[in-house]
Structures are given as structure tokens and as C-alpha cells.
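Next up is a structure, given as C-alpha cells.
FYI, it's all coordinate maths here, none of it is from the lab. This one's a predicted model, so the numbers in the text were calculated from it and none came from an experiment. Positions of Cβ are backbone-derived with ideal geometry, glycine not excepted, and every protein chain shown enters the neighbour counts.
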Amino acid sequence: MTRPFAITYDYLCPFARNAVESVVEGLREGKDWQVRFLPFSLAQVHVAEGETPVWERPVGDPASSGVLALAWGIAVREAFPECTLDFHMGAFAARHDEGRDINDEAVLREVAASVDLEPDAVVERVATGEPMAILGREHVEAVTSWEVFGVPTFIEGEEAVFARLMERGNVGDVEQVLGLIGETRLNEFKRTRIPR
């Protein structure tokens with residue numbers, strides 16, 4: 001039976017990377033999951049109430065770190081869905097493996113090209129403003145519907161769980177989170193230190 005769930009992400013977060021890579025690995029293994037990748041701007045979390053949201057600011061605004069990359073990811077999801085998983089992996093790798101600036105269009109063009117996308121086609125989609133509008137709607141939806149405060153948050157139905165996975169690409173970790181998401185008697189489970 002298909003299991004629908006969502007996962008919030010921002011390419012800036014290494015824990016979001018671990019979780020998204022684990023979900024992508026599960027999908028590639030053939031898990032019967034229907035996944036909605038829900039962009040969530042960590043930069044917006046730091047915007048004071050009443051100030052201009054990051055998705056309405058000019059590209060390059062210093063307070064909008066990571067927002068351009070999210071817009072590119074949304075443009076890919078909406079116009080080129082077959083490349084979405086690869087683009088996510090490429091954007092996370094550019095940020096976390098290569099230490100590149102994902103606020104730089106040239107970097108995002110390289111990521112797009114590396115997953116067989118025509119970068120100009122993605123630029124055209126982003127230029128319409130629709131990906132930024134979607135970011136705004138989906139970020140607000142996450143906050144108002146499930147009280148999301150960070151990434152990665154797994155969402156299933158009315159339940160939402162923030163979970164930091166320590167390993168990349170571990171499908172079993174995702175299965176554990178999904179197994180516990182309905183256990184409402186367990187509200188918080190956080191290690192005081194990480195044995196490594």
C-alpha cells in the first residue's frame with residue numbers, strides 16, 4: 001500500500017541532506033512511498049514578524065541565504081519532475097561536499113547541467129516568479145498547518161515530526177521515523193550527547 005508523506009528541506013541544512021538522501025535512496029529502491037518534497041526556508045525563520053519575507057526580497061539579498069536554490073528546486077519539481085531527485089542530490093552535494101555558494105546562479109546552472117537539465121530552461125521558470133510564490137505558499141502552509149519550525153520535518157496526515165538523521169542514505173532511518181510518527185505519546189526523544 002502506498003504511503004504518502006512529506007518532508008521539509010532546505011539545501012543549507014546537513015540534516016535535511018541526510019534525510020532527503022535517505023528518502024531518495026528508498027524511492028530508488030522501490031519503496032511504495034508517495035513523497036512530497038516541501039521547501040522550507042531557514043532564512044525566513046530568522047525574519048522578524050512584519051518584515052518582508054525572503055521570497056519577496058530581491059535575489060542576492062544577504063538575508064535570503066539559500067532561497068535562490070530553493071526556487072531552482074521548485075522550478076525543477078514543477079517543470080521537470082523527472083529530474084527532481086537528481087537535482088536535490090546535486091544541490092546538496094554542491095553545498096555540503098564541494099562547499100559551493102548555492103546563492104550563485106552559476107553554481108545552480110552547473111548543478112542543473114550535471115543532471116541533464118538545460119539551465120536556461122530553469123532560469124526562465126525561476127524568472128516568472130512562480131517558484132518564489134510557491135516557496136512562500138508552501139513555507140507558510142508548513143508553519144500554519146503543522147507548526148513546522150525547521151528541517152527536516154516528516155509530515156504524514158496531521159502529524160509532523162522533526163527528526164535529525166545522523167547518516168546519509170539510510171532507508172531504515174526513514175522507516176523508523178515513519179513507524180514512530182503516529183506515536184503521539186512520545187513527544188520528544190533527544191540524546192544529550194552523540195556517541196561517535
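From Arg95, Arg109, grab the single residue that is touching a residue at least 40 places away in the same chain (Cβ under 8 Å) and either within 17 Å of Thr8 (Cβ to Cβ) or over 14 Å from the mean Cα position of the chain (by Cα) (or both).
Arg95
Which of the residues belonging to segment 150-176 are among the aliphatic types (A, V, I, L, M), in contact (Cβ under 8 Å) with a residue 60 or more places away in the chain and surrounded by 14 or more Cβ atoms within 10 Å (Cβ to Cβ)?
Those that are among the aliphatic types (A, V, I, L, M), in contact (Cβ under 8 Å) with a residue 60 or more places away in the chain and surrounded by 14 or more Cβ atoms within 10 Å (Cβ to Cβ): Val151, Ile155, Ala163, Leu165, Val171, Val174.
Of the residues that make up segment 4-12, is at least one under 23 Å from Arg137 (Cα atoms), within 11 Å of the chain's Cα centre (by Cα) and assigned to a helix (DSSP H, G or I)?
No, the conditions are met nowhere in segment 4-12.
Next up: Kindly indicate which of Ile7, Ile102 is in contact with a Pro (Cβ under 6 Å, 6 or more places away or on another chain) and either in contact (Cβ under 8 Å) with a residue 12 or more places away in the chain or surrounded by 19 or more Cβ atoms within 10 Å (Cβ to Cβ) (or both).
Answer to the check: Ile7.
Would you mind telling me which numbered condition in (1) part of a helix (DSSP H, G or I); (2) in contact with a helix residue (DSSP H, G or I) (Cβ under 8 Å, 6 or more places away or on another chain); (3) surrounded by fewer than 21 Cβ atoms within 10 Å (Cβ to Cβ); (4) not β-branched (Val, Ile, Thr) Leu135 fails?
Here Leu135 clears every test but (3).
Results for (1) in contact (Cβ under 8 Å) with a residue 40 or more places away in the chain; (2) of a type in the set (S, T, N, Q); (3) closer than 19 Å to Pro39 by Cα, shown as yes or no for each residue.
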{"residue": "Ser114", "(1), (2), (3)": "no, yes, no"}
{"residue": "Glu138", "(1), (2), (3)": "yes, no, yes"}
{"residue": "Gly182", "(1), (2), (3)": "no, no, no"}
{"residue": "Asn187", "(1), (2), (3)": "no, yes, no"}
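Could you figure out which of (1) in a loop (DSSP other than H, G, I, E, B); (2) touching a Pro at 6+ places or on another chain (Cβ under 8 Å) isn't true of Arg125?
Of (1) in a loop (DSSP other than H, G, I, E, B); (2) touching a Pro at 6+ places or on another chain (Cβ under 8 Å), only one is false for Arg125: (1).
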